[in-house]
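A.B. asks: Below: one structure in structure tokens.
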Amino acid sequence: MIKFFLMVNKQGQTRLSKYYEHVEIHKRTLLETEVIKSCLSRSSDQCSFIEYKDFKLIYRQYAALFIVVGVNDTENEMAIYEFIHNFVEVLNEYFSRVSELDIMFNLDKVHMILDEMVLNGCIVETNRARILTPLLIIDKLSES
Amino acid sequence: MHVVKDLQSTNLLEVCMALTIVSQIFPREMIPAVLPLIEDKLQHSKEIIRKKAVLALYKFHLIAPNQVQHIHVKFRKALCDRDVGVMAASLHIYFRMIKENSSGYKDLTGSFVTILKQVVGGKLPVDFNYHSVPAPWLQIQLLRILGLLGKDDQRTSELMYDVLDESLRRAELNHNVTYAILFECVQTVYSIYPKTELLEKAAKCIGKFVLSPKINLKYLGLKALTYVIQQDPTLALQHQMTIIECLDHPDPIIKRETLELLYRITNAQNVTVIVQKMLEYLHQSKEEYIIVNLVGKIAELAEKYAPDNAWFIQTMNAVFSVGGDVMHPDISNNFLRLLAEGFDDEAEDQQLRLYAVQSYLTLLDVENVFYPQRFLQVMSWVLGEYSYLLDKEMVEEVITKLYKLLMNDSISSETKAWLIAAVTKLTSQIHSSNIVEKLIQEFTTSLDTCMRQHAFELKYLHKNMELMKSLLPVDKSCEDMMVDASLSFLDGFVAEGLSQGAAPYKPHHQRQEEKLSQEKGLNFEPYGLSFSSSGFTGRQSPAGISLGSDASANSAETGLKETNGLKLEGVKKLWGKEGYLPKKDHKTGDETEVSPAPQENMGMETIDQTLTTKDHSQVLTQSKEEKEKQLLASSLFVGLGSESAVNLLGRADTVSHKFRRKSKVKETKSEEASSAHNVTCSSFSPLPNAMYEEDYVTTLQDGGDKELEKLALGSELLASESLTELPLVEKLSDCSLSAPSLFADSDMEVFQPSPSTTASFAKEISLEASLLRETAECLHSDPTEICNNEIVSVSSSKIWKDDCLLMVWLVTNKSDSELKSANLEIFPAENFKLTEEPGSCLPATEAENTTTFQYNVQMEKPFTDANLCGFVNYQMMDTVCVQLEFSVNLSLLDFIRPLKISTEDFGKLWLSFANDVKQNVKMTDSEAGLPSTLKTLQQKLRLHVVDIIGNEGLLACQLLPSTPCLVHCRLYADVLALWFRSSCPSLPDYLLYQCQKVIEGS
């Protein structure tokens, strides 16, 4: 099960965070700093999976942006690792060449995309076209 | 409410968003309001709406499984949906349900296999592909489900061999996501019933992972290896050189995964090397979680496989000094118990204890080293108990050391309590000592009240040496001690107090209840108020108020005999609820960095040599290094080869545990069991009959289970009593843990029924007809046909007996010919325990006749709905054997029986239950009135109407075997307020749901 989904930049600023298990607000900041610290301390030739407390972190770096997913030990690490890439591909398709700024200024849309893909800690949709359908309809409505 | 409005909207987008919200955040109480709307959406023409509706139902299933149990049929429909997305969404629900109860969904295996075959074969629309791999995450989900279904089930596993083979073959594309699929495949292959061919292929896959230069794949390979190694340790031998390399990998994550792997293959021969490696890693790591985890594992391995005393004590010393105050308190508890209870050989025990004492004295000799508090506590207990093994003169010296520690400011007051307890024990062994006098003087004026108390105790005991010796006998920490737990010696004191007008003692729950009802006095909610004033007769009665020893009658029953030595008193605080002790406080900064590692070398010279030479060898030639690795490998993987040869089916634990824990209760238990074995074995019958054997084992198990229940009950009671009895409780729970395995073993053995049982069987068979007649008196359901073919028809009927549920299957032979060896078997189900009732095994079914098979069904753990599957097989005159499968649905309701109690008992019981649920239900037929509504409930749900007082009614029932649930209801106009209370947390919810159905339906 996916426990949380984080997008953090190299400076340690959280761009997006979504928790699928209740974590108290003040503990979230602490968790996020610790998580990013452990990801930043690793070099590129090291393994992308980290054992952190009783769960695992799977991270992937895109330019200055880290995407970190926390999962429990029943999850398949590699599947999540590729899922992160799938998510980025979807963002890329929607924003055409996505950048950190796109995510900062369209956080609502990124959240909608993520909600289409993950619900209650489960991967529920990976088909790119289907993920974007509701969002594209909304865009069309707001244009007209 | 907006969500409801949006759900009813005609705008697709609004419905879509409403469904997304429902499946993310939704309160449990609101489910009934939207459930029908969402069920409607399952038929929607747009697949996205159908998918989201299924996901919303998944959310409901997560938070309130009871409320969606009636739509399981619709889940099946979703699974067969023409759209891939909807089908994929339903898999989440199935994964969860199968995880909880795999036996109920075996019939779906074929569907899952077909779906996977289609996905693997590329039959899905192209847009589901990810980097030209068809729907990888869907494949992974399906593989997981298959793994759960095929576990320990040969017939089901056989269905999936083909598709697994194909998955392994297809996933050859060199892309990360195919590795993810392969990994899942390997796990599934090793979870299900094994097939050699597949295992070989999976092993080859693992090899590819482990040898990969990509680090992520290496990690995955190690993880897979760790998983499969438990079933096939020889695989570790194949990859031993890679494992050695990973052990020295620069990435700590890889290193840790490798240690995890080694932990699984540890045996008595390689334990020293593996523990050494673990300790090395432990010294490097700083993260608390890792330390706690690793320390636990080292302690476990050391206990299990320690080669000798010295090594064991040294390793435990390292564990205590590194793990210190963060480690799990069980580690030190277990260690002390191990020392105290000892093993089979008394001389060896003494040696171990003496060694421990000596090593602690050496450790305490070292200046300026700070040990964790927990370690000091362990030391003080061991020194207090076993210093008598030293020379007489040495005891004085030990006391001096303990005194020095007591005067140390950096030691917590809790540890000081342990220390002074140790001193007290030792004082009884020597005649007089200046140090003790000094200590008494020092601490009788201490500001710490606890210490002052201990000091005074010591002072007065010191004056009366005779009493002290009898109170603190040497080496008796495991002896039973009689304790008057009812505190009857205080009766006089209590009576005096009462006569002087003191308030009588009230038990805790009563006080709480009174406090609650006082609070309710200010509550204007009509229901609560009226309840507290309406007055059950038992409520205000002084039944709970007791005098003198009655107050602790409960403890008198269970606590009279305590296995716990009183000497531990004063130090027992360690086992309290606080968990971790306060962190050690250091005075000087530079000393904090001093690692409190034991100063002696680890007693593993031989390994040290290999390892140190290994370090040096790095400057030497490559070949030399290789040689060293080979050496390490041979020491690591020793004992994995032929001796523990491939053992796929069962993991036989052949290694003898040197440090086997001794538990007295357990021993008596096993004696009982073995005597049972003897009975069965001695009366050997020459007629082998598989059916009887099975039956016999079941009854044997039955007995065992009951025993266990009793024990578990006892331990619960004890746990609630007090913390002082903890060691006893631990023993009991130990025992309840070990007993099941004991009985699991007995499954393997072949039992022959004794002649007497066979005889009684025959008798009972002849009585079968009368049995059936008898059952007619109980409540029963009409037989319904559950499966048939042209020759036989099977129908089932439920008979709700007072103490159990009796399932009767009637197999009717419709043809003219005779059936040979007609037989009915039920698959074992997780939630039930089935006992075959006599009369089920007739040699042949007469033509045109009906055979009855009876099973006594007992529920093992509460569930809401479950299937009981089984099959009938028979043989026509000379044709092949035919098999017919069927399944029957059982609900919790089948296990509800009326509980016949008086109003007064109801009142008492009501107060003792903690779980309650309240709900107002609108009655459709408001004219009906309370008595008739209760009558309906009594008929439909088998509740017992205890009493009707005005517009209030009391009902009681029990869930078999004996979980009571009480209902209080009150009628206002057309609203019935229901209030449930039970000792089981899930029962009220379920009953409420059923009551609602009955009332709203009537």
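A.B. asks: Of the conditions (1) without any contact (Cβ under 8 Å) to a residue 24 or more places away in the chain; (2) of a type in the set (Val, Ile, Thr); (3) at the interface with chain B (Cβ under 10 Å from one of its Cβ atoms), A:Val23 fails just one. Which one is it?
C.D. replies: (3)
A.B. asks: Output yes when any residue across the stretch B:940-954 is at pLDDT 80 or above, of a type outside the set (S, T, N, Q) and within 30 Å of the chain's Cα centre (by Cα), and no when none is.
C.D. replies: No - not one qualifying residue is present in the stretch B:940-954.
A.B. asks: Look at A:Tyr59 and say whether it is of a type in the set (Phe, Trp, Tyr), crowded, with 18+ Cβ neighbours inside 10 Å and at the interface with chain B (Cβ under 8 Å from one of its Cβ atoms).
C.D. replies: For A:Tyr59, the condition - of a type in the set (Phe, Trp, Tyr), crowded, with 18+ Cβ neighbours inside 10 Å and at the interface with chain B (Cβ under 8 Å from one of its Cβ atoms) - is not met.
A.B. asks: Next question, about the same structure. For the stretch B:875-890, enumerate the residues that are modelled with pLDDT of 75 or more and either of a type in the set (Lys, Arg) or surrounded by 15 or more Cβ atoms within 10 Å (Cβ to Cβ) (or both).
C.D. replies: Result: B:Leu884, B:Glu885, B:Phe886, B:Ser887, B:Val888, B:Leu890.
A.B. asks: When you look at A:Ile50, is it without any contact (Cβ under 8 Å) to a residue 40 or more places away in the chain, surrounded by 14 or more Cβ atoms within 10 Å (Cβ to Cβ) and β-branched (Val, Ile, Thr), yes or no?
C.D. replies: Taking the combined requirement at face value, the residue satisfies it.
A.B. asks: When you scan the stretch B:925-938, do you find a residue that is part of a loop (DSSP other than H, G, I, E, B), more than 39 Å from the chain's Cα centre (by Cα) and within 19 Å of B:Gln994 (Cβ to Cβ), even just one?
C.D. replies: Checking the stretch B:925-938: at least one residue is part of a loop (DSSP other than H, G, I, E, B), more than 39 Å from the chain's Cα centre (by Cα) and within 19 Å of B:Gln994 (Cβ to Cβ).
A.B. asks: Let me ask you something else. Scanning the stretch B:429-463 for residues that are of a type in the set (Gly, Ala, Ser) and surrounded by fewer than 20 Cβ atoms within 10 Å (Cβ to Cβ), which turns out modelled with the lowest pLDDT?
C.D. replies: In this case the residue turns out to be B:Ser432.
A.B. asks: Anything in the stretch A:11-58 that is in contact with a strand residue (DSSP E or B) (Cβ under 6 Å, 6 or more places away or on another chain) and of a type in the set (Asp, Glu)? List them, or say none.
C.D. replies: A:Glu21, A:Glu32
A.B. asks: Here's something else I'd like to know. Does A:Asn86 meet the test of being polar (S, T, N, Q) and touching a residue at least 40 places away in the same chain (Cβ under 8 Å)?
C.D. replies: Criteria met by A:Asn86.
A.B. asks: Here's a follow-up. Return the residue satisfying two criteria in turn: it lies in the stretch B:28-48 and is more than 14 Å from every other protein chain (Cβ to nearest Cβ) and part of a loop (DSSP other than H, G, I, E, B), and of such residues it is surrounded by the fewest Cβ atoms within 10 Å (Cβ to Cβ).
C.D. replies: Restricting to residues being more than 14 Å from every other protein chain (Cβ to nearest Cβ) and part of a loop (DSSP other than H, G, I, E, B), the top hit is B:Ser45.
A.B. asks: Going by what's in this entry, would B:Ala236 be described as in contact (Cβ under 8 Å) with a residue 60 or more places away in the chain, surrounded by 19 or more Cβ atoms within 10 Å (Cβ to Cβ) and at negative phi?
C.D. replies: Taking the combined requirement at face value, the residue satisfies it.
A.B. asks: Only one of B:Thr196, B:Thr226 is surrounded by fewer than 22 Cβ atoms within 10 Å (Cβ to Cβ), more than 14 Å from chain A (Cβ to nearest Cβ) and among the β-branched types (Val, Ile, Thr). Can you tell me which?
C.D. replies: Just one listed residue meets the conditions, B:Thr196.
Here's the yes/no breakdown for (1) crowded, with 16+ Cβ neighbours inside 10 Å; (2) part of a helix (DSSP H, G or I); (3) hydroxyl-bearing (Ser, Thr, Tyr); (4) more than 11 Å from every other protein chain (Cβ to nearest Cβ):
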position	(1), (2), (3), (4)
A:Val69	yes, no, no, yes
A:Glu93	no, yes, no, yes
A:Ile103	yes, yes, no, yes
A:Val110	yes, yes, no, yes
A:Ala129	no, yes, no, no
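A.B. asks: With the structure loaded, tell me whether B:Asn66 is more than 14 Å from every other protein chain (Cβ to nearest Cβ), in contact with a Phe, Trp or Tyr (Cβ under 6 Å, 6 or more places away or on another chain) and touching a residue at least 60 places away in the same chain (Cβ under 8 Å) or whether it fails that test.
C.D. replies: Yes; evaluated as a whole, the condition is true for this residue.
A.B. asks: If you don't mind, there's one more thing I want to ask. Scan the stretch B:408-434 for residues that are out of contact with any Ser or Thr (no Cβ under 7 Å at 6 or more places or on another chain), of a type outside the set (S, T, N, Q) and closer than 19 Å to B:His462 by Cβ and jot them down.
C.D. replies: B:Lys416, B:Ala417, B:Ile420, B:Ala421, B:Val423, B:Lys425, B:Ile430, B:His431
A.B. asks: Now, a different point. Only residues that are within 22 Å of B:His131 (Cα to Cα), crowded, with 17+ Cβ neighbours inside 10 Å and more than 9 Å from chain B (Cβ to nearest Cβ): list them for the stretch A:71-91, please.
C.D. replies: A:Glu75, A:Ile84, A:Phe87, A:Val90, A:Leu91 - these are the residues of the stretch A:71-91 that are within 22 Å of B:His131 (Cα to Cα), crowded, with 17+ Cβ neighbours inside 10 Å and more than 9 Å from chain B (Cβ to nearest Cβ).
A.B. asks: If you take the residues in the stretch B:364-380 that are farther than 18 Å from B:Ala299 by Cβ and of a type outside the set (Ser, Thr, Tyr), which one is surrounded by the most Cβ atoms within 10 Å (Cβ to Cβ)?
C.D. replies: My answer is B:Phe370.
A.B. asks: To continue, here is another question. Take the residues of the stretch B:14-27 that are under 19 Å from A:Ile138 (Cβ atoms) and either more than 12 Å from chain A (Cβ to nearest Cβ) or aliphatic (A, V, I, L, M) (or both): which is nearest to the chain's Cα centre (by Cα)?
C.D. replies: Residue satisfying both the conditions and the ranking: B:Val22.
A.B. asks: Across the stretch B:341-368, which residue is modelled with the highest pLDDT among those that are of a type in the set (S, T, N, Q) and in contact with a helix residue (DSSP H, G or I) (Cβ under 8 Å, 6 or more places away or on another chain)?
C.D. replies: B:Ser359
A.B. asks: May I pose another question? Only one of (1) within 7 Å of chain B (Cβ to nearest Cβ); (2) over 30 Å from B:Tyr94 (Cα atoms) fails for A:Glu143. Which number is that?
C.D. replies: (1)
A.B. asks: Which one is nearest to the other protein chains (Cβ to nearest Cβ) among residues in the stretch B:146-162 that are aliphatic (A, V, I, L, M) and surrounded by fewer than 23 Cβ atoms within 10 Å (Cβ to Cβ)?
C.D. replies: B:Leu148
A.B. asks: Another question, if that's okay. When you go through (1) more than 11 Å from chain B (Cβ to nearest Cβ); (2) surrounded by fewer than 18 Cβ atoms within 10 Å (Cβ to Cβ); (3) within 11 Å of the chain's Cα centre (by Cα) one by one for A:Lys10, which number turns out not to apply?
C.D. replies: Unmet condition: (3).
A.B. asks: When residues of the stretch B:286-306 are filtered for being more than 14 Å from every other protein chain (Cβ to nearest Cβ) and of a type outside the set (D, E, K, R), how many remain?
C.D. replies: Count: 7.
A.B. asks: Exactly one condition in (1) within 14 Å of chain A (Cβ to nearest Cβ); (2) over 31 Å from the mean Cα position of the chain (by Cα); (3) buried (at least 22 other Cβ atoms within 10 Å of the Cβ) is false for B:Gln139; which is it?
C.D. replies: (2)
A.B. asks: Look through the stretch B:789-808, keep the residues that are more than 17 Å from B:Pro961 (Cα to Cα) and without any contact (Cβ under 8 Å) to a residue 60 or more places away in the chain, and return whichever of them is surrounded by the most Cβ atoms within 10 Å (Cβ to Cβ).
C.D. replies: Restricting to residues being more than 17 Å from B:Pro961 (Cα to Cα) and without any contact (Cβ under 8 Å) to a residue 60 or more places away in the chain, the top hit is B:Val808.
A.B. asks: Check whether at least one residue in the stretch A:115-136 is of a type in the set (Gly, Ala, Ser), at pLDDT 90 or above and farther than 22 Å from A:Met1 by Cβ, and report yes or no.
C.D. replies: Checked against the condition, which is being of a type in the set (Gly, Ala, Ser), at pLDDT 90 or above and farther than 22 Å from A:Met1 by Cβ, the stretch A:115-136 yields at least one hit.
A.B. asks: Right, next: Report, by residue number, each residue of the stretch B:182-193 that is of a type outside the set (A, V, I, L, M, F, W, C) and within 14 Å of chain A (Cβ to nearest Cβ).
C.D. replies: Once the filter is applied, which keeps residues that are of a type outside the set (A, V, I, L, M, F, W, C) and within 14 Å of chain A (Cβ to nearest Cβ), the stretch B:182-193 yields B:Glu184, B:Gln187, B:Thr188, B:Ser191.
The values are calculated or read from the model by the stated rules, or taken from the named source; none is laboratory data. Values in this document were obtained by computation on a predicted structure and should not be read as measured data. Glycine also receives a Cβ, built like all others from the backbone with ideal geometry; neighbour counts cover every protein chain displayed.
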